[in-house]
Amino acid sequence: MAAAIEIKDLSVVFRARRSSVAALQQLSLSVAEGTVFGFLGPNGAGKTTTMHVLLGFIEFTAGSASIFGVDVRESIARRRIGYLPEHPETYPFLTGRELLMMAGRLFGMKRGALRARVGELLREVDLEDSADRRIGTYSRGMMQRIGLAQALINDPDLVILDEPTGGLDPLGRMKVREIIAKLRAAGKTVFFSSHELSEVELVCDHLAIVSRGRVVAQGRATELVSQGESLEKYFLRVIQHEPAGRVG
Amino acid sequence: MKPKRKYGDWVLPIGAALLLWGVAFSMACRLEGNRFVSVPIEQSFLERVLGVSRVAFGQTFFEQADLYFHQGVGYVRQQAFTNSVFIRAYEVIRPSAHAHTTGYTVSEILPWLQFTTRMDPKNVTAYLTTAYWLRSALRRPDLAEQVLLEAQRKNPYDYRVYNERARIAFQRRDDSRAARLLDAALKVWPSNEDPEDEQTLLDLSVILSRQAILYEMKGERDAALALFRKVVELRPGNVAVARRVEAMEQGMDYSHLDRKTWDILFGGTDKPVHVCGEGDDHDHDHDHDHNHDCEHHHHDI
Amino acid sequence: MMRVLTLSRVVWLEMIRRKDLYVLLILLVTLLFVLLSLNIFGLGGVVRYVADVGLLFAWLFAIILGVSTAGRQLPQEEAKRTIYPLLAKPVTRADVVLGKWLGSWTITVSCTALFYLLVVGVVLLRGGGIQPVTLAQGFVLHAVAMGIVTALTVAISTRMTYGAAASVAYILIAGAFSIASRVPELLVHEEGFVARGLLALYYGLPHLELFDLRQRIVHEWGAIPCRTLLFVAMYGVVWVLFLLLLAWMGYRRKRFKRGALG
């Protein structure tokens, strides 16, 4: 299977005035197409930094990263990506429909096809009735759903989700799981990070655990986690065995 | 849900900054009060709030009136260099010919003069300028009188206001009132001005000349002559008045001159106004500037 | 181009729905109404001061609108973290800078056009007139000047918060109007370090006084030659391009802060 994401020996060093911090240290990762990949780690491990490198927000110091074979530094690499950030803030003065139309226009989608796609997504995330209200009036859950909808506007082949179920009630989390399952069924690749290990367990095929800027465990979920052991226990075991020490 | 913002996030800070600046400016301009004021003058709300800083505003508006009079052409100041492309471009863009507003267009400067007097009622020059344009270019002596009455209310001890009111009274053929106003002007002269200043002395000579003219018109030659002599004493360089005194001492009587000529004489310019005398050739050319109404007066003396 | 236009449309929607510009419109209308209601000795046809003050405030309000709109865009995207989903699309940082500038400039110019219409309307109502060609020239140059103002503010805002960017922009614009144009006069009495500083300002700041045709409009001096209009407009365009280039250079490698919303 071809790789949707290929990361080799990726290093990212942030330089401050008097010190430098190695956010990622020779991180290597491969995400096959058509899989749901869980990217786990404690706070500050480098999950969001990795995602930001993939999305071209920050430059890496060494190594390589590509999406569907295209270097992440090319803007064309983002044509096939959809992204939902950890705290999906958006423009409060836009309506939900206007936000999705804007997102689609940025992908160069034609007006007719875009309108149909917007309608479809609004139904999918249950925001049809609130589509013409300003986003500033939306609840936390509605913001998350509209953020997810804008991430899917271009029918991306790779969906990157940063804490997609954060702050959602059980119904909202179920909705997100359903959407991820639909994406998998459609052959899309989903790459997401989450602290909700129970959610990860339910949806992921593959996972990687990152700690202190490097991958400490990677593989199929069923292979990594022993029979009878929960993902949470496995996660804690792996993290606690990591040698202590200051990075950078 | 985010709370709606009530104001744009710059309106309050800019408004607060402007208000604080205004307060600071007014406080910084607090100076000693007018030493001439012995009668409490009613102050408007604006005057109380702005204090003496309103003088600065008034001056700005007065300069704006001057700019309007010159049709937007400002003063040309000395420059260290002129060969910059920006200067050359700006020379084409800004109005630059020497021009004056004329005719009814003069009314365009009046708003700024009105703002000046509103802001700084002690600026008598602004009142006089307003009255001058209303009277002359706009031919509204009634409005000019109104302006001067306001000036008198705000500046009851300024001789210039009485002097100018006297001119209007004379033009309206109210000679007795003109005489009273000239007396009042003389009483309060030099007001707040320096009595040795050239302009103040010139104004005094104008007041005295006008009083003399009024006496002459009534046939009181001796009183008129005494006043003209005082004028010559004050301003020995005044050729016209000196010649007048000489002529009167030789027995010349001007009381028969027509009203139009008296109007010109009362006008108060220093330009020698030619009046036909005994030895003059009736076909001679009048010496005048190109704006003068070329009316040839025949006087049987 | 579509991406740039899409981003500029978002700026428009924000400004129309934020109501800031309505405040300025109301202020201008109020001011013009006050000026209209002044009784100048009952004399009719006195309008130049209305045009003068009206156009002065049109300039002031346009600058306020331009700086506040342009200065807010990039810092707000970063503070609200909307920059992330934006750049996750095939949108380059140059697109973002250009789109934000274009939106800020076009809305400022549109509002300026409204301000001009208001002033002209009031002048005509009062029985006066304005030379249309001179007015059109004045508006065109005003629009170019607003291009410089918004581009300058966007450039500064790539590296500062909104408040700081707006403050610096106002200072530079005030300096360009009040000091840069008068440097040749000031240099008559200065030398040494001060003179060199003044010369640096003279050549370093945009000469915004070239774009101000108010005196010609108000006092009916007629249109400026086409050649001069073109030269000044091109000068303005060069400044806009330069400032946008600076903005892009300041933004292209910027690392965005994560953390609490600013």
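The values are calculated or read from the model by the stated rules, or taken from the named source; none is laboratory data. A quick note: this is a predicted structure, and the numbers were derived from the prediction, not measured. Note that we place each Cβ from the backbone using ideal geometry, even for glycine, and neighbour counts take in every protein chain shown. Heads up: the accessible areas ignore ligands, DNA and RNA and are worked out on the full protein's heavy atoms, side chains in. Shrake-Rupley method; radii C 1.70, N 1.55, O 1.52, S 1.80 Å.
Odds and ends about this structure:
- Qualifying residue in segment A:5-15 (condition: in a helix (DSSP H, G or I), in contact (Cβ under 8 Å) with a residue 12 or more places away in the chain and buried (at least 21 other Cβ atoms within 10 Å of the Cβ)): no
- So A:Q150, is it under 15 Å from the mean Cα position of the chain (by Cα), within 11 Å of chain C (Cβ to nearest Cβ) and either at pLDDT 95 or above or buried (at least 17 other Cβ atoms within 10 Å of the Cβ) (or both): yes
- Qualifying residue in segment C:16-27 (condition: at positive phi and touching a helix residue (DSSP H, G or I) at 6+ places or on another chain (Cβ under 6 Å)): no
- Filter result for C:L244 (at negative phi, surrounded by 12 or more Cβ atoms within 10 Å (Cβ to Cβ), touching a Leu at 6+ places or on another chain (Cβ under 9 Å) and away from chain B (no Cβ under 11 Å)): yes
- Filter pass, B:F62 being under 30 Å from B:I109 (Cβ atoms), in a helix (DSSP H, G or I), at pLDDT below 85 and not aliphatic (A, V, I, L, M): no
- Lone unmet requirement of (1) part of a helix (DSSP H, G or I); (2) open to solvent by 30 Å² or more (accessible area, probe 1.4 Å) for B:L181: (2)
- Unique match (being open to solvent by 10 Å² or more (accessible area, probe 1.4 Å), touching a residue at least 40 places away in the same chain (Cβ under 8 Å) and within 26 Å of B:L201 (Cβ to Cβ)) among B:F62, B:F170: B:F62
- The residues of segment A:36-48 that are open to solvent by 10 Å² or more (accessible area, probe 1.4 Å) and in contact with a Ser or Thr (Cβ under 7 Å, 6 or more places away or on another chain), listed by number, are A:P42, A:K47.
- When segment C:90-110 is limited to residues that are open to solvent by less than 10 Å² (accessible area, probe 1.4 Å) and of a type outside the set (A, V, I, L, M), the one that is nearest to the other protein chains (Cβ to nearest Cβ) turns out to be C:P90.
- Scanning segment A:56-77 for residues that are within 18 Å of A:V159 (Cα to Cα), modelled with pLDDT under 90 and of a type in the set (D, E, K, R) gives A:R73, A:E74.
- The residues of segment C:129-157 that are polar (S, T, N, Q) and either out of contact with any helix residue (DSSP H, G or I) (no Cβ under 7 Å at 6 or more places or on another chain) or at pLDDT below 95 (or both) amount to a single one, C:Q131.
For (1) under 22 Å from the mean Cα position of the chain (by Cα); (2) in a loop (DSSP other than H, G, I, E, B); (3) of a type in the set (A, V, I, L, M, F, W, C); (4) buried (at least 24 other Cβ atoms within 10 Å of the Cβ), each residue gets a yes or a no:
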site: C:P75; (1), (2), (3), (4): yes, no, no, no
site: C:E78; (1), (2), (3), (4): no, no, no, no
site: C:V120; (1), (2), (3), (4): yes, no, yes, no
site: C:G128; (1), (2), (3), (4): no, yes, no, no
site: C:L141; (1), (2), (3), (4): yes, no, yes, no
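- Residues that are surrounded by fewer than 22 Cβ atoms within 10 Å (Cβ to Cβ), within 9 Å of chain C (Cβ to nearest Cβ) and outside any loop (DSSP other than H, G, I, E, B) within segment A:70-100 comprise A:S75, A:I76, A:A77, A:R79, A:E98, listed in sequence order.
- Residue that is nearest to C:V91 (Cα to Cα), among those in segment A:49-64 that are open to solvent by 20 Å² or more (accessible area, probe 1.4 Å) and either within 14 Å of chain C (Cβ to nearest Cβ) or under 15 Å from the mean Cα position of the chain (by Cα) (or both): A:G56
- For the residues B:S96, B:S107, the requirement of being at the interface with chain C (Cβ under 10 Å from one of its Cβ atoms), buried (at least 22 other Cβ atoms within 10 Å of the Cβ), among the small types (G, A, S) and over 18 Å from B:A56 (Cβ atoms) singles out B:S107.
- Restricting segment A:105-125 to residues that are more than 9 Å from chain C (Cβ to nearest Cβ) and small (G, A, S), the residue that is farthest from the chain's Cα centre (by Cα): A:G112
- Residues being within 12 Å of chain B (Cβ to nearest Cβ) and either of a type in the set (V, I, T) or within 10 Å of the chain's Cα centre (by Cα) (or both) - total across segment C:154-185: 2
- Residue match in segment A:198-220 (condition: part of a helix (DSSP H, G or I), of a type in the set (G, A, S) and in contact with a strand residue (DSSP E or B) (Cβ under 9 Å, 6 or more places away or on another chain)): no
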